[in-house]
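The values are calculated or read from the model by the stated rules, or taken from the named source; none is laboratory data. Owing to the predicted nature of the structure, the values given are computational and were not obtained by experimental measurement. Cβ sites come from the backbone with ideal geometry, for glycine too, and all protein chains shown count toward neighbours.
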Amino acid sequence: MAPIDHPQLAHPAAAHTDFSRSSPLDPESFADRHIGVDEPGLAAVLEALDQRDLDALELAVVPAGIRFGRPLDLPEPATETQTLTELRTLAAKNRPMVQMMGLGYHDTITPGVIKRNVLENPAWYTAYTPYQPEISQGRLEALLNFQTAVSDLTGLDIANASMLDEATAAAEAMTLMRRTARSKSNRFVVDADTLPQTIAVIRTRAEPLDIEVVVSDLSAPDSPLPVGDFFGLLLSYPGASGAVRDQQALIAEAHSREAKVAVAADLLALTLLRPPGEIGADIAVGSTQRLGVPLGFGGPHAGYMAVRTDVQRQLPGRLVGVSHDAAGNPAYRLALQTREQHIRREKATSNICTAQVLLAVIASMYTVYHGPEGLTKIAQKIHLQAGQVASALEAGGITVEHAHFFDTVRALVPGRARAVVAAARQAGINLWADGEDAVQVSVSEKTTAEHLRLVVESFGAETTDAPWVPEGDAPTRTSQFLTHPVFHEHRSETAMLRYLRRLSDMDLALDRSMIPLGSCTMKLNATTEMEAVTWPEFAGLHPYAPLEDATGMLELVDQLEKWLVEITGYAAVSLQPNAGSQGELSGLLAIRAYHRSRGDEHRTICLIPASAHGTNAASAVMAGMKVVVVGTDDGGNIDMADLGAKVAQHADNLAAIMVTYPSTHGVFEDTITDLAALVHGAGGQVYVDGANLNALVGVARPGEFGGDVSHLNLHKTFCIPHGGGGPGVGPVAVAAHLAPFLPSHPLGLNDTGTFGSIGAISAAPWGSASILPISWAYIRMMGADGLRRATLTAIASANYIARRLDEHFPVLYTSATGFVAHECILDLRPMTATTGVTVDDVAKRLADYGFHAPTMSFPVAGTLMVEPTESEDLAEINRFCDAMIAIKGEVDKVGSGVWPVTDNPLRGAPHTAESLAGEWDHPYTRAEAVFPPGVVPARKYFPPVARIDGAFGDRNLVCSCPPIEAYA
Ligand SMILES: *Cc1c(COP(=O)(O)O)cnc(C)c1O
């Protein structure tokens with residue numbers, strides 16, 4: 001690659017101080033604000049790439065065979081003001097009623113200090129997953145609080161840092177139990193009194209794994225477990241009907257039959273009820289939604305899972321642990337990474353990648369703000385009010401089915417259920433009718449005395465203050481919880497505000513600097529896109545409310561689906577999957593169902609290139625497929641010879657190939673259409689992993705160049721913020737022949753896939769519905785031209801970086817024409833071989849320069865993958881390149897012996913403020929350590945901890961808040 005030698009390029013703004021020239025920026029155009037590189041900047045970038053304009057760049061970079069020849073058919077772009085007006089209009093069509101339906105979703109009060117300073121605060125929502133722990137201590141502490149709260153409340157040893165929702169958490173518990181139970185049976189028993197969405201997702205997940213799900217009525221006090229072997233049991237506590245039962249005997253019996261037991265539990269109820277860990281459960285799962293997270297029409301919310309230490313290494317998902325840094329101070333980082341899909345691939349414990357971090361942070365802060373006393377009071381008030389409903393109904397001659405409940409009263413009203421629910425709706429309240437004969441009333445933190453009166457009147461009864469005094473005892477909690485000081489020190493709003501600020505100040509998020517993470521597409525999450533998320537008309541919708549309450553939401557969903565169909569060239573889209581990993585699983589299950597519908601049960605081989613993202617292999621296994629790895633050639637492309645051989649070898653049993661396009665190597669491979677033809681020729685389906693869609697939107701459509709199915713990551717290409725590791729949305733888009741197999745929902749809501757559907761993939765019908773307005777607003781404001789310009793600018797900026805850095809860190813792969821796509825891999829292996837400086841050293845040193853490191857060692861070990869996205873302006877891109885070049889200068893000093901490899905600014909990185917005081921016995925100066933070239937002292941970001949020893953933390957696993965003495 002030709003190096004760029006334009007000193008003026010480093011500061012293009014300086015060349016344009018002539019303000020008499022009219023600015024090319026249109027103040028009304030959102031695209032001009034979203035795309036960071038302005039016209040003069042773009043001119044400089046294109047000049048460096050020897051391209052006349054973006055059209056010429058497109059011709060040079062994107063293979064002719066896949067180019068999409070026309071503009072996308074999307075509405076003309078709207079301004080930010082117009083878009084907000086349109087969103088207000090859609091919002092006004094929704095009716096957020098008083099929600100008392102329960103069924104896993106409960107209204108809650110998000111404390112204002114948390115809503116504004118976490119949910120609406122870019123310092124929290126624009127952060128990335130804490131894989132670089134030194135610049136992520138704030139969110140890691142928040143997640144450690146989450147884990148501590150969950151393990152305390154459930155009475156179990158260790159909890160992870162969030163699951164995608166309660167239903168998928170239960171399904172993950174099922175497979176965990178299968179891996180760890182002594183029984184080798186393939187049967188899994190589920191208490192019939194379990195949430196319908198949980199049973200549905202369990203069935204979806206069980207089918208490809210040959211697990212037989214036995215739903216059993218265990219409601220009577222002496223109900224026996226089914227005869228015969230089973231490996232696991234799932235109980236609900238309280239049940240979907242609201243019933244609270246003493247499950248100790250059932251658990252003991254299951255254990256005696258060599259099965260493991262999971263309990264789906266309501267964390268708020270556990271402030272009053274004896275926790276699962278104390279009644280013998282091995283696992284607890286559930287939702288943390290009612291801890292301050294809005295209903296949001298079903299999500300996003302953080303699910304949870306807690307286990308005993310004997311199976312902690314089998315725990316799916318991300319886990320925060322305590323270790324120490326180079327100075328011996330306690331420090332947090334993700335623990336036991338080797339369990340995860342990005343390391344273990346098809347042997348991983350789960351395919352979970354993006355989880356629900358932002359929502360877990362909200363839930364954890366709710367527990368911090370209220371503390372054990374506050375949570376207990378909230379729970380007691382809820383329980384008392386539920387009791388008042390029960391007393392009033394019984395006084396009115398209505399049978400209350402269960403004597404013991406926490407928040408949900410189940411009333412038997414033979415033949416009258418619909419009428420009661422209709423009467424309550426007249427009063428503005430949603431209740432749940434279970435068939436014709438039963439109504440469930442679920443009390444929440446928001447329930448008032450007036451709500452209770454209206455509810456009771458809907459039944460034709462009269463209110464009473466009489467408490468509910470059932471016969472016998474519910475299993476009551478006596479043990480303490482949330483005893484750690486963090487749950488006691490931040491009770492005033494001032495203290496809470498400062499705690500939140502202190503934590504977010506420790507972290508690098510997009511609101512401070514570029515996050516050049518390849519494959520992750522860390523682009524602008526515009527404020528206007530974010531606005532509607534917390535509006536009550538979206539945030540206050542219960543996912544099971546009558547659809548007429550959600551008219552505006554559904555209109556938005558329908559438009560977004562149509563736009564994504566147009567953008568991808570597929571026939572249909574389901575928005576139900578709540579992360580890319582779940583979209584992958586849905587797509588693969590659709591492929592499986594398609595083959596089976598044609599009598600091809602034997603088609604179970606899934607070809608996956610060696611360079612694929614770890615979720616691909618993990619998802620394939622979850623879909624009951626067998627992974628066969630296809631090699632890559634020296635140029636980083638799929639080895640077509642190897643592919644041909646593998647296709648021929650497995651032709652009869654070929655189910656699918658999963659390819660990422662452009663490839664995970666950041667290159668537009670021109671063999672993609674041949675590849676698709678080859679696989680189709682053998683009867684296989686082509687899964688195009690859409691994580692790199694930011695290089696395609698408006699330029700090429702996977703549904704047109706050979707794909708049968710793709711998942712998209714709305715939290716990458718379509719502006720949903722990463723939230724520190726979630727939430728996400730992973731829609732699955734399919735060609736017409738796969739459309740009948742798309743996800744459905746047990747309550748008949750959002751049945752995109754009708755006949756032949758794979759079933760429910762997420763708990764809620766539209767998954768993480770409340771964040772869909774973000775992607776809707778992005779497309780609405782960009783329009784066809786803006787989206788295409790964004791794609792080509794992202795490609796231009798990546799190529800600009802590749803050219804600037806190639807002579808310092810060789811760019812590993814380019815296409816035949818010498819270009820990369822929207823990201824580039826910098827090869828640090830030659831540097832490591834000659835100097836001993838590692839990719840880790842460079843990544844950590846970037847923090848001293850105020851940058852988040854690029855993606856490390858994916859897809860190639862010893863490399864960094866850089867993706868600038870279209871949102872970064874040229875000044876920031878140059879600042880990053882300058883930092884990388886300065887770091888290369890430091891590496892050279894190690895190489896030439898000026899600094900020893902064991903003691904230099906790279907190995908010592910990152911440097912904390914503490915390194916400015918006390919002893920200093922390094923061969924480089926303090927100034928060189930903390931104020932490297934380009935770092936202005938007044939704007940300096942200091943990482944709060946030095947390099948963290950991850951291995952120490954894995955050997956000495958601590959995954960809840962350490963006692964305060966540890967900080968002494
Ligand atoms: C991000 C990513 C995924 C997984 O998506 P999640 O939303 O994190 O589950 C899959 N494949 C590729 C190539 C990715 O970059």
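Cβ-Cβ below 6 Å, separation at least six or inter-chain, first residue in region 723-736 and on the phi > 0 side of the Ramachandran plot, second more than 12 Å from the ligand (Cβ to nearest atom) and part of a loop (DSSP other than H, G, I, E, B): which pairs?
These pairs meet every condition: GLY724/ALA127.
Scan (1) within 19 Å of the chain's Cα centre (by Cα); (2) more than 27 Å from MET522 (Cα to Cα); (3) part of a loop (DSSP other than H, G, I, E, B) for the single condition ALA355 breaks and write down its number.
Just one mismatch for ALA355, condition (2).
Can you tell me which of (1) closer than 23 Å to ASP246 by Cβ; (2) crowded, with 19+ Cβ neighbours inside 10 Å; (3) not charged (D, E, K, R) is the one VAL455 doesn't meet?
Unmet condition: (1).
So is GLU561 surrounded by fewer than 24 Cβ atoms within 10 Å (Cβ to Cβ) and within 19 Å of ILE761 (Cα to Cα) or not?
yes
Looking only at residues in region 493-516 that are more than 11 Å from TRP124 (Cα to Cα) and among the charged types (D, E, K, R), which one is nearest to the ligand (Cβ to nearest atom)?
So, considering only residues that are more than 11 Å from TRP124 (Cα to Cα) and among the charged types (D, E, K, R), the one nearest to the ligand (Cβ to nearest atom) is ARG512.
Here is a yes/no grid of residues against (1) over 20 Å from the mean Cα position of the chain (by Cα); (2) more than 16 Å from the ligand (Cβ to nearest atom); (3) under 29 Å from ASP785 (Cβ atoms):
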residue: ILE638; (1), (2), (3): yes, no, no
residue: HIS650; (1), (2), (3): yes, yes, no
residue: THR673; (1), (2), (3): yes, yes, yes
residue: GLN685; (1), (2), (3): yes, yes, no
residue: PHE705; (1), (2), (3): yes, yes, yes
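In region 371-409, how many residues are in a helix (DSSP H, G or I) and in contact with a Gly (Cβ under 9 Å, 6 or more places away or on another chain)?
1
State whether the residues of region 480-492 include one that is in a loop (DSSP other than H, G, I, E, B), surrounded by fewer than 11 Cβ atoms within 10 Å (Cβ to Cβ) and among the polar types (S, T, N, Q).
Checked region 480-492: at least one residue is in a loop (DSSP other than H, G, I, E, B), surrounded by fewer than 11 Cβ atoms within 10 Å (Cβ to Cβ) and among the polar types (S, T, N, Q).
Can you tell me which condition VAL659 does not meet? The list is (1) under 21 Å from the mean Cα position of the chain (by Cα); (2) among the aliphatic types (A, V, I, L, M); (3) within 11 Å of the ligand (Cβ to nearest atom); (4) farther than 22 Å from SER871 by Cβ, and all the others hold.
In the conditions (1) under 21 Å from the mean Cα position of the chain (by Cα); (2) among the aliphatic types (A, V, I, L, M); (3) within 11 Å of the ligand (Cβ to nearest atom); (4) farther than 22 Å from SER871 by Cβ, VAL659 misses (1) alone.
Please return the ranges of helices (runs of 4 or more DSSP H) entirely within region 517-614 where 3 or more residues are within 16 Å of the ligand (Cβ to nearest atom).
Correct list: 580-597.
Give me the residue from region 152-171 that is assigned to a helix (DSSP H, G or I) and out of contact with any helix residue (DSSP H, G or I) (no Cβ under 8 Å at 6 or more places or on another chain) and, out of that set, surrounded by the most Cβ atoms within 10 Å (Cβ to Cβ).
If we take residues in region 152-171 being assigned to a helix (DSSP H, G or I) and out of contact with any helix residue (DSSP H, G or I) (no Cβ under 8 Å at 6 or more places or on another chain), then ALA169 is surrounded by the most Cβ atoms within 10 Å (Cβ to Cβ).
Mind checking which pairs have a first residue in region 163-182 that is over 15 Å from VAL150 (Cβ atoms) and a second that is of a type in the set (D, E, K, R) and surrounded by fewer than 24 Cβ atoms within 10 Å (Cβ to Cβ), Cβ under 6 Å, 6 or more apart or different chains?
As it stands, the answer is ARG182/GLU258, since those pairs meet every condition given.
Of the residues that make up region 447-455, is at least one modelled with pLDDT of 95 or more, under 32 Å from the mean Cα position of the chain (by Cα) and on the phi > 0 side of the Ramachandran plot?
Looking for residues that are modelled with pLDDT of 95 or more, under 32 Å from the mean Cα position of the chain (by Cα) and on the phi > 0 side of the Ramachandran plot, one finds none in region 447-455, hence no.
Could you tell me how many of the residues in region 638-668 are in a loop (DSSP other than H, G, I, E, B) and surrounded by fewer than 23 Cβ atoms within 10 Å (Cβ to Cβ)?
Number satisfying all stated conditions: 1.
Tell me, please, whether a residue that is within 19 Å of LEU585 (Cβ to Cβ) and small (Gly, Ala, Ser) can be found in region 692-703.
No, that holds for no residue.
If you take the residues of region 615-635 that are buried (at least 22 other Cβ atoms within 10 Å of the Cβ) and part of a loop (DSSP other than H, G, I, E, B), which of them is farthest from the ligand (Cβ to nearest atom)?
Restricting to residues being buried (at least 22 other Cβ atoms within 10 Å of the Cβ) and part of a loop (DSSP other than H, G, I, E, B), the top hit is MET625.
Examine region 714-725 for a residue that is among the aromatic types (Phe, Trp, Tyr) and either surrounded by 24 or more Cβ atoms within 10 Å (Cβ to Cβ) or within 16 Å of the ligand (Cβ to nearest atom) (or both), and state whether such a residue exists.
yes
What is the one condition in (1) out of contact with any Asp or Glu (no Cβ under 9 Å at 6 or more places or on another chain); (2) within 16 Å of the ligand (Cβ to nearest atom); (3) of a type in the set (S, T, N, Q) that SER364 does not satisfy?
(2)
So MET865 fits all but one of (1) among the hydrophobic types (A, V, I, L, M, F, W, C); (2) in a strand (DSSP E or B); (3) within 30 Å of GLU914 (Cβ to Cβ); what number is the exception?
Only one criterion in (1) among the hydrophobic types (A, V, I, L, M, F, W, C); (2) in a strand (DSSP E or B); (3) within 30 Å of GLU914 (Cβ to Cβ) is unmet by MET865, namely (3).
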